[in-house]
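Right, one structure below, let's go through it.
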Amino acid sequence: GQSLEQPSEVTAVEGAIVQINCTYQTSGFYGLSWYQQHDGGAPTFLSYNALDGLEETGRFSSFLSRSDSYGYLLLQELQMKDSASYFCAVSYNDMRFGAGTRLTVKP
Amino acid sequence: DAGVIQSPRHEVTEMGQEVTLRCKPISGHDYLFWYRQTMMRGLELLIYFNNNVPIDDSGMPEDRFSAKMPNASFSTLKIQPSEPRDSAVYFCASSTRDRGEQYFGPGTRLTVT
């Protein structure tokens, strides 16, 4: 099966860079995804790494290393609207989500 | 594109009643997923379909839960009879062949009293 671990909370200031790590234990998977969820809202797709390496989408980047069972989401030039929960997820025969990291961006 | 559509957005019902949640996936998406989210258990996959066929229902909590997808544009999740512990937000999501990129509906907030 799959289990994913990510920090429960992260706090940063506006304009800063923050990295949210995700470590996993899985017997196999197709890729690592990241989702953003604001309070009261639905998860929103951010990025997907099918291969090792860095994927960049605007201010957000995601990284995967299968050999290290590790990935991260990098958020640059933080804005107040980035305050939300961020989930990593692995897709294989099913789909498993981490417990989520609550990011608070302060002025 | 309208995105994934779910109805109702809110449902309040009494224990023992039947509840039916509805979902319309994004046109052209081959996969449809049903999730449940609670504070205690986080986001859990209940069941998913590929081309209208249920592939994995191991996340369905018990026989009280059932899901159908009669065609490519409609799916239902039914709870009968409902119990207070079923109170949660239920999300439907859809994706193309790449299941890592899923698009979620706004969710149905279910309260069972």
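The values are calculated or read from the model by the stated rules, or taken from the named source; none is laboratory data. Because the structure is a prediction, the values reported are computed rather than measured. Glycine also receives a Cβ, built like all others from the backbone with ideal geometry; neighbour counts cover every protein chain displayed. All accessible areas refer to the heavy atoms of the entire protein, side chains included, with ligands and DNA or RNA removed. Shrake-Rupley method; radii C 1.70, N 1.55, O 1.52, S 1.80 Å.
Restricting to the stretch B:82-110, and then to whatever is open to solvent by 10 Å² or more (accessible area, probe 1.4 Å) and polar (S, T, N, Q), can you tell me which residue is farthest from the other protein chains (Cβ to nearest Cβ)?
B:87
Please tell me if residue B:113 is crowded, with 17+ Cβ neighbours inside 10 Å and either more than 11 Å from chain A (Cβ to nearest Cβ) or on the phi < 0 side of the Ramachandran plot (or both).
On the way: crowded, with 17+ Cβ neighbours inside 10 Å: no; either more than 11 Å from chain A (Cβ to nearest Cβ) or on the phi < 0 side of the Ramachandran plot (or both): yes.
Taking the combined requirement at face value, the residue does not satisfy it.
Within the stretch A:81-107, how many residues turn out to be hydrophobic (A, V, I, L, M, F, W, C) and either facing another protein chain (nearest Cβ under 7 Å) or within 22 Å of residue B:49 (Cβ to Cβ) (or both)?
Number of matching residues: 6.
Looking only at the stretch A:30-78, how many residues end up being under 17 Å from residue A:92 (Cβ atoms), open to solvent by less than 30 Å² (accessible area, probe 1.4 Å) and not in a strand (DSSP E or B)?
0
Need a quick list: strands (runs of 3 or more DSSP E) entirely within the stretch B:11-81 having at least 3 residues that are open to solvent by less than 50 Å² (accessible area, probe 1.4 Å), within 14 Å of chain A (Cβ to nearest Cβ) and at pLDDT 95 or above.
Fully inside the stretch B:11-81 and qualifying: B:31-38, B:42-50.
Restricting attention to the stretch A:1-29, which residues are modelled with pLDDT under 95, more than 14 Å from the chain's Cα centre (by Cα) and either surrounded by 18 or more Cβ atoms within 10 Å (Cβ to Cβ) or not hydroxyl-bearing (Ser, Thr, Tyr) (or both)?
A:1, A:2, A:25, A:28, A:29
Where residues in the stretch B:98-113 are part of a loop (DSSP other than H, G, I, E, B) and out of contact with any Asp or Glu (no Cβ under 6 Å at 6 or more places or on another chain), which of them is farthest from residue B:43 (Cα to Cα)?
Top of the filtered list is B:98.
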